[in-house]
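To start, the structure itself, in structure tokens.
The values are calculated or read from the model by the stated rules, or taken from the named source; none is laboratory data. Keep in mind it's a predicted model, so treat the numbers as computed, not measured. We work out accessible area using only protein heavy atoms, side chains counted, and drop any ligands, DNA or RNA first. Shrake-Rupley method; radii C 1.70, N 1.55, O 1.52, S 1.80 Å.
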Amino acid sequence: MAKSASPITFKARLCIPAEGGDWTFLPLPQEASNQMPARSMVSVEGTMNGFAFAATLQPDSEGGHWLKVEPAWSEGANARPGNNVELEI
């Protein structure tokens, strides 16, 4: 798996856990996840709807990644659960 030299851009839906909770996450589309340098945790910097963030992507159980979204990022990106957001990492 090659590391991407250029930014990876994609859209993803901001979700809440099925069991409830007061936090949000977004699953990366498989195409975006495939461009990550590893199937394990990956540290990234990027923007969500233009709002800058730095985070660690977590592996999912299906060969992809997901991102826990901090409340300040949702607020800065003007995003709510169920919204599609545009990311560049």
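For the chain, evaluate the Debye formula with one uniform point scatterer on each Cα (no solvent term) and list log10 I(q)/I(0) at q = 0.18, 0.22, 0.25 Å⁻¹, rounded to two decimals.
Cα-only, vacuum Debye calculation for the chain: -0.74, -1.11, -1.41.
Quick one: among 63, 50, 21, which has the greatest mean-square fluctuation in a GNM of the chain with alpha-carbon springs under 10 angstrom?
Greatest mean-square fluctuation among the candidates belongs to 21.
Hey, any idea what % of the chain's accessible area is carbon plus sulfur with a 1.4 Å probe?
Details: 2630 of 5310 Å².
Carbon and sulfur: 49 percent of the exposed surface of the chain.
Rounded to the nearest 10 Å², what accessible area does residue 22 show when all protein chains are kept and the probe is 1.4 Å?
Result for residue 22: roughly 150 Å² accessible.
Counting heavy atoms of the protein chains only and a 1.4 Å probe, report the per residue accessible area for the chain as a whole number of Å².
Counting only protein heavy atoms, the per-residue value for the chain is 60 Å².
Round to the nearest 10 and report in Å² the accessible area of residue 23, as given by a 1.4 Å probe over the protein chains' heavy atoms.
Ignoring ligands and nucleic acids, residue 23 comes out at about 80 Å².
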